[in-house]
Amino acid sequence: MTMKIMIGKDYADMSRKAAHVVSATVTLHPDCVLGLATGSTPIGMYQQLIKWYEAGDLSFETVQSVNLDEYVGLGAESDQSYRYFMNENLFNHININPTHTSVPNGLAADISAECERYDRHIDELGGVDLQVLGIGNNGHIGFNEPSEVFEKRTNHVHLAQKTIEANARFFTSIDEVPKSAVTMGIKSIMQAKAILLLASGEGKKEIMEAALFGPITPKVPASILQLHPNLIVAGDEAALSLVTKNHPELF
Ligand code: F6R
């Protein structure tokens, strides 16, 4: 197993450690392809990257990005869309070329054609160099929900009830949470040259243990990451508390 685990003492520390990994990738490979995630976990990491950009330590001028997922039915104008999130939390504050940023189009008239287009785009870019991931409480990565099989390609998914409930905190009511999304598939994620998995908080401790050390099964989509040759985990002490307790030999 080639897994590097970085433990931050708290969220801010974890976010800085994760930002160092992104920064190193961008510095060594200025024209790299970053796979990016939304959700609450990467926000601190994005804020740190913005600070380094503002200080003149980091440039995104020739970086390309592809995001993991987008809600079906929401566009860039909607403040709940993942495109809006990325613009607000990162892209508008750094010197990335907007035409170099990609998020699946949740408003596409033909969603299955959009899934195919997205895969072609990733292929044309030559794949992802560093894929940033958060993890759902149920082990989802992107919006690849627990299932009987690993979906390989970008696909249209119906969100698990648990995910709808978890994401309701970003909406005024649970009824407003879209019921489906477009997500990059497991194959594009696993073909990334490196993966940076982020997790923060007590609520993620069981799933982190299951994902990193449990059986590899599509019922816990993140468990496939155990097979990745270059997996970097950045978590805070709370999210990694079961991992450190059950596998003391690793630390
Ligand atoms: C976001 C994404 C999701 C989140 C996951 C964790 O683009 O694909 O898989 O990473 O739901 O979300 P947070 O970070 O809010 O706990």
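Each reported figure results from applying straightforward, stated rules to the coordinates on display, with no laboratory input. Quick caveat: nothing in here was measured; it's all calculated off a predicted structure. Cβ placement follows ideal geometry from the backbone for every residue including glycine, while neighbour counts extend to all protein chains displayed.
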Next on the checklist: Straight-line reach from Lys162: which aspartates and glutamates fall under 12 Å, measuring Cα to Cα and dropping same-chain residues less than 8 apart?
Outcome noted: Glu145
Item to check | Exposure proxy order (Cβ contacts within 10 Å, fewest to most) of Thr27, Thr2, Thr38, Thr183 | outcome: Thr2, Thr27, Thr38, Thr183
Checklist outcome for this item: In the neighbourhood of Asp119 defined by beta carbon distances under 12 Å, the net charge of the other residues (Lys, Arg +1; Asp, Glu -1) is 0
Checklist entry - How do Ile224, Ile141, Ile189 line up, fewest other C-beta atoms within 10 Å first? => result Ile224, Ile189, Ile141
Item to check | Listed peptides 6-16, 163-173 by packing density, highest first (mean Cβ within 10 Å) | outcome: 6-16, 163-173
Checklist entry - Distance in nm between label sites at Ser78 and Phe170, each 7 Å beyond Cα in the beta-carbon direction? => result 1.1 nm
Checklist entry - In nanometres, what is the gap between the two model label sites at Gln191 and Asn95, each 7 Å from Cα along Cα-to-Cβ? => result 3.2 nm
Checklist entry - So what's the net charge close to Val63: Lys and Arg +1, Asp and Glu -1, counting the other residues with Cβ under 11 Å from its Cβ? => result -3
Checklist entry - Where does each of Val149, Val128 land when they are ranked from fewest to most other beta-carbon atoms within 10 angstrom? => result Val149, Val128
Item to check | Neighbourhood net charge (12 Å Cβ-Cβ; Lys/Arg +1, Asp/Glu -1) for Tyr11 | outcome: -1
